[in-house]
């Protein structure tokens with residue numbers, strides 16, 4: 001079985017002079033970087049004292065599921081002669097906070113809108129979302145449901 005390795009670097013940039021002396025004495029800002037790639041500005045969710053101008057880990061998880069599904073879908077469409085002309089998704093994740101302060105994702109809803117060529121089979125294009133879900137590495141790695149409600153548009 002093939003193995004692939006992935007690496008990222010996280011650097012906390014939120015020391016406002018006192019470090020984590022108190023719950024309110026530090027910022028939740030961080031940068032995410034990879035070799036030779038632009039940095040991504042991150043923080044916690046604003047509900048947890050984060051910066052709303054930066055991506056939070058929960059948004060990045062939803063984005064990872066959405067982008068993985070999209071890339072898997074584009075692949076299965078290409079090998080099944082479905083010509084995709086445009087693809088967009090407005091994915092939504094739901095996290096439930098527990099009384100002890102921990103949390104758990106309870107689901108992610110993908111809402112892809114896919115535009116296909118007039119010659120492509122719209123029903124087959126819809127069915128291929130199931131195959132894309134089966135192939136998605138990220139969806140196969142989470143312990144909560146990931147559902148897709150695709151809209152197929154023929155141009």
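Observations, loosely collected:
- Residues in the range 89-137 that are without any contact (Cβ under 8 Å) to a residue 12 or more places away in the chain and not in a helix (DSSP H, G or I): 96, 97, 98, 99, 100, 101, 102, 103.
- Some residue of the range 139-155 being at pLDDT 95 or above, under 27 Å from residue 39 (Cα atoms) and not in a helix (DSSP H, G or I): yes
- Scanning the range 96-153 for residues that are crowded, with 18+ Cβ neighbours inside 10 Å, more than 20 Å from the chain's Cα centre (by Cα) and either over 16 Å from residue 75 (Cα atoms) or not assigned by TED's automatic domain parsing to the domain that holds residue 73 (or both) gives a single hit, 152.
- Matching residues in the range 32-50 - criterion: being touching a residue at least 12 places away in the same chain (Cβ under 8 Å) and more than 18 Å from the chain's Cα centre (by Cα): 35, 48, 49, 50
The values are calculated or read from the model by the stated rules, or taken from the named source; none is laboratory data. Small disclaimer: the values here were computed from a predicted structure and weren't measured. A quick note on method: Cβ atoms are made from the backbone with ideal geometry, for glycine too, and the neighbour counts reach across all protein chains shown.
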